[in-house]
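Heads up, the thing below is written out as structure tokens.
The values are calculated or read from the model by the stated rules, or taken from the named source; none is laboratory data. For clarity, every value in this text was computed on a predicted model and none was experimentally measured. All Cβ positions, even for glycine, are placed from backbone atoms using ideal geometry, and neighbour counts span all protein chains on display.
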Amino acid sequence: MIERLPPLTALRAFEAAARHMSFAKAADELSVTPAALSFQIKSLEEHLGAPLFRRLNRAVELTEAGVALAPGAADGFQTLSNAWRAAQRLQDNQTLTVTAGPAFTAKWLAPRLYEFAQAHPDIELRFSASLKIMDFGRDAIDVAIRFGRHDDAGLYSLPLAKEWVAPVMTPALAAQFPDTESLMSAPLIFDDSISFLRPSCDWKAWFATMGYDFDPQHGPHFSQADHAVDAALAGVGVVLGRRALVVKDIDEGRLVAPYGAALSTGARFRFLCPEGTENRPQVKAFREWMLREISKTTYITEAIQVVDPIESLA
């Protein structure tokens, strides 16, 4: 026998009252009178056969039954709300909400958006530059660009170009430090945003892979990769630049990678979206545009020897 659930309006009244612990605030949120809300909760209690609230002089508190019901009611309405927003988004082919890390947004997406906007004037792009792990339904996200080696089970996951790090600097600095040996006396910049990678892809690993036992310690450290690249662009020093974040500056001559050698990170940026949504018009357009943009700078990678970091340095 299937248990008949109480009316949704009564459950909604209870959920709001339990969250606010106030009939008046719940009634205000739901745009009903306190009397109407109280009637809905009373009908729910009759359906259950037990009280859900203790009515005090100027407050209410949950009974044991109310405590048992409140979390499930809250989760249920949140799930229903997420599902409704997801269904609404499927009807919208003009808006695309993308989340990516601040560095990728600043150094890869933002400088190229003019081309996308020109090619797709009918699509309204919205960006959330954050490293926070977001929920596609709850946070109304269509596409996520994430970096690492994570398991993307349950999502459409498209690995983008292979990532590497290589010493990059302004042309003026490159003239001062023409080879790897001279680089050991150059001002070095440290990008700590990829310190989580194993094997390590830091300056010690790069020099070791080039055959030098050199472990530099001094120089400015940045927690954000784009800030480290900006310092290199300003001529502060040489940074181990991440491919996705420096290829445009290399392509346009602001930075150079003079030594022709890079370390593979073993991790990639991935294009992520819920399974089944990858061919929605705006999602497909954005994905194909990204792949075209990546292909424009593949010649840079082809000119660089990419090697794996030495395992012993992990």
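Selection of helices (runs of 4 or more DSSP H) fully inside the stretch 226-314 by the criterion of at least 1 residues being of a type outside the set (D, E, K, R) and within 20 Å of PRO199 (Cα to Cα) returns 243-251.
The residues of the stretch 110-139 that are hydrophobic (A, V, I, L, M, F, W, C) and touching a strand residue (DSSP E or B) at 6+ places or on another chain (Cβ under 6 Å), listed by number, are ILE123, LEU125, PHE127, MET134, PHE136. Within the stretch 61-75, the presence of at least one residue that is of a type in the set (Ser, Thr, Tyr), outside the structural domain of ASP135 (by TED's automatic domain parsing) and either modelled with pLDDT of 95 or more or within 30 Å of PHE116 (Cα to Cα) (or both) is confirmed.
Number of residues in the stretch 53-80 that are under 39 Å from the mean Cα position of the chain (by Cα) and touching a residue at least 40 places away in the same chain (Cβ under 8 Å) equals 9.
Table: residues versus (1) surrounded by 17 or more Cβ atoms within 10 Å (Cβ to Cβ); (2) outside the structural domain of VAL283 (by TED's automatic domain parsing).
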position	(1), (2)
SER130	no, no
VAL143	yes, no
ARG149	no, no
PRO167	yes, yes
PRO171	no, yes
SER182	no, yes
ALA186	yes, yes
ASP191	yes, yes
PRO199	yes, yes
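What about GLU278, is it among the acidic types (Asp, Glu), surrounded by fewer than 19 Cβ atoms within 10 Å (Cβ to Cβ) and free of Cβ contacts under 8 Å to residues at least 60 places away in the same chain? No, not satisfied.
Here's the yes/no breakdown for (1) farther than 22 Å from GLY72 by Cβ; (2) modelled with pLDDT of 95 or more; (3) outside the structural domain of PHE77 (by TED's automatic domain parsing):
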{"position": "ALA24", "(1), (2), (3)": "yes, no, no"}
{"position": "GLY49", "(1), (2), (3)": "no, no, no"}
{"position": "PHE53", "(1), (2), (3)": "no, yes, no"}
{"position": "LEU56", "(1), (2), (3)": "yes, no, no"}
